[in-house]
Amino acid sequence: MSLFTRLAARRSGAEPSSPLNADALPSGTVLGGVTLARAIGRGATASVYAGLDTATQTPRAVKVWRAQPGIDDAASRERFLQEAQRATGLAHPGIVRVFGGGTQTGLTFIVMELLAGSTLARYAATEQRLPEPLVLDIAAQLAEALAHAHRQGVLHRDVKPSNALFDPVTR
C-alpha cells in the first residue's frame, strides 16, 4: 500500500480547518510519518521542510501546499496531490523521488527525498555564474530528465532555475 493510499484512507471528507500555517510549521510537527526539522524553501504555492522519516530515520523533504488568494482551494489542492501522485512513478537520477502525500490536520503535503545542494537560481548572479561547459552539461541533464517525465505523461509546468537543484560537491 503506497503512502498516498494509506493517507487517503485515513483522510475524512471534511477535515477541520487547521490552526497550523504552512509557512511556519514548528519543528517537531509530524506529517506523513516525517518529523519536520526546519524550513528549507518557499515557492509560490508551497513551503518545503527538511525532516526525518520516523520509521526509517531517513532524511526527507516535505512540501506543504498553501492556499492562494483568489484561486479555488479545493481544485488547487487536488491538482497538487494529483501531480505528486503521478510523479511517484518517475524513476530517473535527475528527478527527485516522490514517496507520497496526503492531507493531515488540514495540511496538504508531499513527501520527497531530501537532496543536497541548492537551486540553480543561486548561480544566476553574475559573481556566481557557473562555467559555460558545466551550464551546458546541466542543461542537457535537465532536458533528459524532462524528456523522461514527458514520456511518462508528466509535465513539469514550472521549469525555472529555482526549481532545479545543483550540488557542486557531488558533481
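The one condition from (1) surrounded by 12 or more Cβ atoms within 10 Å (Cβ to Cβ); (2) of a type in the set (S, T, N, Q); (3) farther than 18 Å from residue 25 by Cβ that residue 105 does not meet is (3). Return yes or no: is residue 111 under 30 Å from residue 21 (Cβ atoms) and either open to solvent by less than 80 Å² (accessible area, probe 1.4 Å) or part of a loop (DSSP other than H, G, I, E, B) (or both)? It is true that residue 111 is under 30 Å from residue 21 (Cβ atoms) and either open to solvent by less than 80 Å² (accessible area, probe 1.4 Å) or part of a loop (DSSP other than H, G, I, E, B) (or both).
Pairing residues of segment 122-143 that are without any contact (Cβ under 8 Å) to a residue 40 or more places away in the chain with residues that are open to solvent by 60 Å² or more (accessible area, probe 1.4 Å) and in a helix (DSSP H, G or I), at Cβ distances under 6 Å and at least 6 apart in sequence or on separate chains, gives 124/161. Of everything in segment 53-94, what is open to solvent by 60 Å² or more (accessible area, probe 1.4 Å), over 15 Å from residue 115 (Cβ atoms) and not in a loop (DSSP other than H, G, I, E, B)? Give them in sequence order. Across segment 53-94, the qualifying residues are 73, 74, 77, 78, 79, 82, 83, 85, 86. Here segment 133-171 is the region considered, the condition is being acidic (Asp, Glu) and outside any helix (DSSP H, G or I), and the residue that is most open to solvent (accessible area, probe 1.4 Å) is 158. Please work out if residue 36 is surrounded by 13 or more Cβ atoms within 10 Å (Cβ to Cβ) and either within 23 Å of residue 118 (Cβ to Cβ) or in contact with an Asp or Glu (Cβ under 7 Å, 6 or more places away or on another chain) (or both). For residue 36, the condition - surrounded by 13 or more Cβ atoms within 10 Å (Cβ to Cβ) and either within 23 Å of residue 118 (Cβ to Cβ) or in contact with an Asp or Glu (Cβ under 7 Å, 6 or more places away or on another chain) (or both) - is met. When you check residue 144 against the structure, is it at pLDDT 95 or above, over 28 Å from residue 74 (Cβ atoms) and either in contact with a strand residue (DSSP E or B) (Cβ under 8 Å, 6 or more places away or on another chain) or among the polar types (S, T, N, Q) (or both), yes or no? For residue 144, the condition - at pLDDT 95 or above, over 28 Å from residue 74 (Cβ atoms) and either in contact with a strand residue (DSSP E or B) (Cβ under 8 Å, 6 or more places away or on another chain) or among the polar types (S, T, N, Q) (or both) - is not met.
I want to confirm something. Restricting to segment 22-33 and keeping residues that are among the aliphatic types (A, V, I, L, M) and assigned to a loop (DSSP other than H, G, I, E, B), which single residue is surrounded by the fewest Cβ atoms within 10 Å (Cβ to Cβ)? If you could, list the steps in order and put the result at the bottom.
Looking only at segment 22-33, we keep the residues that are among the aliphatic types (A, V, I, L, M), and these are 22, 24-25, 30-31.
Subsequent filtering for residues that are assigned to a loop (DSSP other than H, G, I, E, B) retains 22, 24-25.
Numbers: 22: 20, 24: 8, 25: 20.
Across segment 22-33, the extreme among qualifying residues is 24.
In the condition set (1) in a helix (DSSP H, G or I); (2) surrounded by 15 or more Cβ atoms within 10 Å (Cβ to Cβ), residue 100 is compliant with all but (1). Note on segment 120-132: residues that are within 20 Å of the chain's Cα centre (by Cα) and either within 14 Å of residue 87 (Cβ to Cβ) or not in a helix (DSSP H, G or I) (or both) total 0.
Quick one: would you say residue 43 is open to solvent by less than 20 Å² (accessible area, probe 1.4 Å) and either touching a Leu at 6+ places or on another chain (Cβ under 8 Å) or within 21 Å of residue 119 (Cβ to Cβ) (or both)?
No; evaluated as a whole, the condition is false for this residue.
The values are calculated or read from the model by the stated rules, or taken from the named source; none is laboratory data. Source: prediction; values computed, not measured. Counting neighbours? That spans all protein chains shown, and the Cβs are built from the backbone with ideal geometry, glycine included. Calculation scope for accessible area: heavy atoms of the full protein, side chains included, ligands and nucleic acids excluded. Shrake-Rupley method; radii C 1.70, N 1.55, O 1.52, S 1.80 Å.
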